[in-house]
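Novice: Sharing a structure here in structure tokens format.
Read-outs: derived from the displayed coordinates by stated rules, not from any lab. Keep in mind the model is a prediction, meaning the values are calculated, not measured. With ideal geometry, Cβ positions are generated from the backbone for all residues, glycine too; neighbour counts draw on all protein chains shown.
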Amino acid sequence: MKKAQQEAYKRDYAQAKAEGKPFFPYAIYKDHIVAILCFAWIIGMAIWHRVEIGRPIYEATTDFVPRPEWYFFFLFELLKIFKGENFLTPVIMATFIVPNVLMALLVLTPFIDRTPERRLEKRPFAMAVAMIIFTSLAWLTYKGATSEAASGALTFEPQDDNTELAAKVIAANGCQSCHVIGAGGGNLGPNLNTIGNQKRGVQWHIDHLKAPSSKVPGSPMPPFASLSEPDLKALATVLDGLGTTYQVK
């Protein structure tokens, strides 16, 4: 801060102190009024818009689409923005790097913008940072709340009869609980996003689905011999081309 700015600030502060009102009881009185109004608003909304109790959870469901609470929608959307073949990339970017970068900007802004001005129009840098952060959070929250991509259904490109049937088979049998397919999934089994690069053939995948240990000795994967032939063929075809002919959208 320049010397002229320091002197101007001291003059303005002395004048404001001389003309202003004391902290007690004026400021405390206003704080209490605002706090009472806020609590009254919260209590009123809680009474008017009661929380509903949903249906009991059916643990055997295969089509339930989990959704976070509204205050996590921005993270929900970030996970989809950074989705990729590497399962850890979206998690690290969305839940650690991006939120911490935004938080660091808010914390460092007062140290970067050292002007003594308090008027908003005189602090363009601080206002720009705040507007960017809060606008981004609002936009991500809106997208996370309204995005149709959160349906949980896989979509393959190019789309054909095999990919449509394979997506239903994957959803119905919970394949993503053990395998990463697309942006999410479990880590008990191998990542299937590029399994087509191994070029094992459709019949190999059919035999593997029917009896996993026959192709991969000691495989903990359960057999899916009960699947119909059309289901097996469609799923095997997509697996054999996943990462080459087919891509997860």
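Novice: Would you mind checking LYS30/LYS122; LYS17/LYS122; LYS30/LYS143; LYS10/LYS30; LYS2/LYS30; LYS143/LYS199 for any pair whose Cα atoms are more than 32 angstrom apart?
Specialist: LYS30/LYS143; LYS2/LYS30; LYS143/LYS199
Novice: Give me the distance in nm between label points sitting 7 Å out from Cα along the Cα-to-Cβ direction at ILE53 and ILE132, one decimal.
Specialist: 4.8
Novice: What helices does the chain hold that run 15 Å or longer along their axis, going by alpha-carbon atoms, with a Kyte-Doolittle average of 1.0 or more, using DSSP H for the helix calls?
Specialist: 28-48, 98-112, 124-146
Novice: Just grab the label-to-label distance for ASP161 and SER226, each label 7 Å out from Cα along the Cβ direction, in nm (one decimal).
Specialist: 2.6
Novice: Further question: Counting Lys and Arg as +1 and Asp and Glu as -1, what is the net charge of the other residues whose Cβ lies under 15 Å from the Cβ of PHE224?
Specialist: Counting the neighbours of PHE224, the net charge comes to +1.
Novice: Please work out the FRET efficiency for the pair ALA172 and LYS199, using the Cβ-Cβ distance as r and a Förster radius of 30 Å; give the result to the nearest 0.05.
Specialist: 0.65
Novice: Here are several values of Cα extents along the principal axes in Å: (1) 73, 52, 36; (2) 88, 48, 33; (3) 55, 35, 34. Which one was derived from the coordinates shown?
Specialist: Read-out from the structure maps to (2).
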